[in-house]
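Visitor: Here it is, the structure in full.
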């Protein structure tokens, strides 16, 4: 009760002039500057994925040994690496790998999580118990360790990295979807649809699934950043795409040896990675806030 | 003697929340010791806000102004937060509507009451406070207070819980008790008990400020009634005057909106309530729509230990064009019965026949074709709407799939909305943006979409304000008469049941204890429980000598 304010004004006859805020007219930006910046960055990433040649001037794979380890300059904005390749071009082309693998990993997590989560949330107790224990086991391993195991068994490749990261993300989605499904299953509007004479399948498709899935976009967006980071970590360890692929994790690994003499080959891909993770997190948070406001 | 509360020109604004309009404007209020003053109004009228401002609890950012604001002779306009804190509990106790939320779930009710005594140093030690807390629980009519004091709020029944809350409000022996809708969510017999406790306090010289939406309830206990509308007192006076000879149009409208045995066949809402319903009801009913034989349902309480009998040998029939009312308290089996009739629960014994064919004993697949002929109107329509759906989607869902063409469907939906008094502008609205009455109208439109032979209404108006309740009841009655739908109407409110039904079943502990004509049944009750209901009704509505007998022996 300490925050209760009781402003008793003695003079009842002194009217206060309402300001714009008091009349409820204060303008609230629909999106904060940070979210706008994040959206702009994601648009840039998308251009880099779709048409990397439009924002870079060099071949990311062809090096010029005479130009090796040049610091940032007008010709090479981000400098060149040990093999004389343009770092900017490699960062731009790298977006394609990082983003595609990250998004595929997220999609694998979503697909697995939704299917298992819905089953666990709707089916009988034994199915629920079985699936929930699988989630427990999956999340008992640190995700990178789990991904490592998968890659060791399947072999190092881009597809396998996506599968590995995707698998380790399943419990996160599965648990949310399961909780949501249990809630929606008991909702009055689901009971009502049965009263109209709808079949189970029709209730599932029309009411249950859509209302369960409303929980997914937010965590999916938040997950992209995490997935991209995990992909780069595996690549850094040499378990993902192999050099000379311009993947950010691979670039970081390659430039590790020259860090003492040249900071740019590692700092720029690192910055790209950091900015990507932050951008997706910001957008995810904004989505979350949006849905929470609407739910109220 | 100084009055407990003497307020003149009370005005409350929330400048920071936008809208410079005052939520309470120029209200005068005076409460003397041993007096009960009632604030009556609908939700949003500002009655609760007025009462809370007397405790300095008007809320964050409230701007409270008054020409005179005296609490027991002291000018409260100069109070600091510390002064208010001293006041709460010692000068005035607050009883809120929802006892389950108001009581701390982690504390026993004994500790809850003792807390107040300790906070205001009214007991020398924890042990003494505990003893005194038990005395207080006994004072509000809780039997076996020593063992009740060790229980938590969720372990108590609604009535006991509400009494425990009153105990916590009066523990410090405050000269003023503010009761904000203290009986609203309670069963009628329990309401009567709670009122009896309040009456006893008044007889002992405590001033009570009672806030309620229920004019009839207030008439049974109050010495002075203020009718509040949009933050203004539109009418004040003794309950006899205000209820007997209402001067203000709003008071008249409120009074006319209360359903009872006298309002049967008449409208409750509108500019001139009390009109005869357009189509008089025909005395003979045609075909049998629903027949229920020997329904029995048990629930295992915990791990198959004690078995709770929710329904015990319940039988009734319902004909086309007939309204069958079911009245009973919470836990009497009304809703279980509705669920079995709806085919959502299977009975342990007995049978439901719908439209001449077996209903309860057949597989869901066999019921599906007839499902559309049985529609349901719930208490809380909002939760029965898919949160993603607009009004149009909601009504469309129950339309026959055969209706071809989007334009055709849209026209049919608009037509249904018109029948329930909503224009086509509501088609694209989302239900959370509608008012309670509008939501219930959408639920009715949805139910009508499939031309049902039977409408099951489970407490369809109990969450609504009196005047909105009147509108919805009028709408339902009008549609029912025109369409000659059979209706199973479930309510805990005897007045509502008497108003709408052609026949009444009284449920008590899973059994039908009484049945018959809605007027005669309550005029000459046969069963003990019906008699108790009638007695509670009399206590609540101030018949049966409130001033003399009841006040002291209660």
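The values are calculated or read from the model by the stated rules, or taken from the named source; none is laboratory data. A quick note: this is a predicted structure, and the numbers were derived from the prediction, not measured. Note that each Cβ is placed from the backbone with ideal geometry, even for glycine, and that neighbours are counted across all protein chains shown.
Visitor: Residues to consider are A:34, A:74, A:14, A:38; find the one that is closer than 30 Å to residue A:262 by Cα and either within 14 Å of chain B (Cβ to nearest Cβ) or at pLDDT 80 or above (or both).
Guide: A:38
Visitor: Also, quick follow-up: Answer yes if at least one residue in region B:403-423 is in contact (Cβ under 8 Å) with a residue 24 or more places away in the chain, within 9 Å of chain A (Cβ to nearest Cβ), buried (at least 20 other Cβ atoms within 10 Å of the Cβ) and more than 26 Å from residue B:309 (Cα to Cα), and no otherwise.
Guide: no
Visitor: Please enumerate the residues belonging to region A:207-229 that are surrounded by 19 or more Cβ atoms within 10 Å (Cβ to Cβ) and within 14 Å of another protein chain (Cβ to nearest Cβ).
Guide: Across region A:207-229, the qualifying residues are A:207, A:208, A:211, A:212, A:215.
Visitor: Taking residue A:179, is it surrounded by fewer than 19 Cβ atoms within 10 Å (Cβ to Cβ), assigned to a helix (DSSP H, G or I), in contact with a helix residue (DSSP H, G or I) (Cβ under 8 Å, 6 or more places away or on another chain) and away from chain B (no Cβ under 14 Å)? First the steps, then the outcome.
Guide: Working: surrounded by fewer than 19 Cβ atoms within 10 Å (Cβ to Cβ): yes; assigned to a helix (DSSP H, G or I): yes; in contact with a helix residue (DSSP H, G or I) (Cβ under 8 Å, 6 or more places away or on another chain): yes; away from chain B (no Cβ under 14 Å): yes.
Judged against the criteria, residue A:179 is a match.
Conditions (1) surrounded by 19 or more Cβ atoms within 10 Å (Cβ to Cβ); (2) out of contact with any strand residue (DSSP E or B) (no Cβ under 8 Å at 6 or more places or on another chain); (3) within 14 Å of chain A (Cβ to nearest Cβ), marked per residue:
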{"residue": "B:82", "(1), (2), (3)": "no, yes, yes"}
{"residue": "B:95", "(1), (2), (3)": "yes, no, no"}
{"residue": "B:114", "(1), (2), (3)": "yes, yes, no"}
{"residue": "B:140", "(1), (2), (3)": "yes, yes, no"}
{"residue": "B:160", "(1), (2), (3)": "yes, yes, no"}
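Visitor: Do the conditions hold for residue B:110, that is, is it more than 10 Å from chain A (Cβ to nearest Cβ), part of a strand (DSSP E or B) and within 18 Å of residue B:169 (Cα to Cα)?
Guide: Criteria not met by residue B:110.
Visitor: Let me ask you something else. When you look at residue B:58, is it facing chain A (nearest Cβ under 9 Å), assigned to a loop (DSSP other than H, G, I, E, B) and modelled with pLDDT under 85, yes or no? Outline the logic, then answer.
Guide: On the way: facing chain A (nearest Cβ under 9 Å): yes; assigned to a loop (DSSP other than H, G, I, E, B): yes; modelled with pLDDT under 85: yes.
Answer is yes for this residue.
Visitor: What is the one condition in (1) assigned to a helix (DSSP H, G or I); (2) over 21 Å from residue B:454 (Cβ atoms) that residue B:514 does not satisfy?
Guide: The one condition residue B:514 does not meet is (1).
Visitor: Look through region B:69-80, keep the residues that are in a strand (DSSP E or B) and in contact (Cβ under 8 Å) with a residue 60 or more places away in the chain, and return whichever of them is nearest to the other protein chains (Cβ to nearest Cβ).
Guide: B:69
Visitor: Considering only residues that are more than 14 Å from chain A (Cβ to nearest Cβ), surrounded by 17 or more Cβ atoms within 10 Å (Cβ to Cβ) and within 13 Å of residue B:468 (Cβ to Cβ), which ones fall in region B:424-439?
Guide: B:434, B:436, B:437, B:438 - these are the residues of region B:424-439 that are more than 14 Å from chain A (Cβ to nearest Cβ), surrounded by 17 or more Cβ atoms within 10 Å (Cβ to Cβ) and within 13 Å of residue B:468 (Cβ to Cβ).
Visitor: When you go through (1) at pLDDT below 90; (2) in contact with a helix residue (DSSP H, G or I) (Cβ under 9 Å, 6 or more places away or on another chain); (3) buried (at least 22 other Cβ atoms within 10 Å of the Cβ); (4) more than 24 Å from residue B:220 (Cα to Cα) one by one for residue B:118, which number turns out not to apply?
Guide: (3)
Visitor: Let me ask something additional. Just one of the numbered conditions (1) within 30 Å of residue B:194 (Cα to Cα); (2) under 33 Å from the mean Cα position of the chain (by Cα); (3) crowded, with 17+ Cβ neighbours inside 10 Å is not true of residue B:66; which one?
Guide: So the condition that residue B:66 fails would be (1).
Visitor: Moving to a separate point now. Name the helices (runs of 4 or more DSSP H) wholly inside region A:186-279 in which the number of residues that are within 20 Å of the chain's Cα centre (by Cα) and in contact (Cβ under 8 Å) with a residue 12 or more places away in the chain is 1 or more.
Guide: Fully inside region A:186-279 and qualifying: A:209-213, A:216-236, A:248-255.
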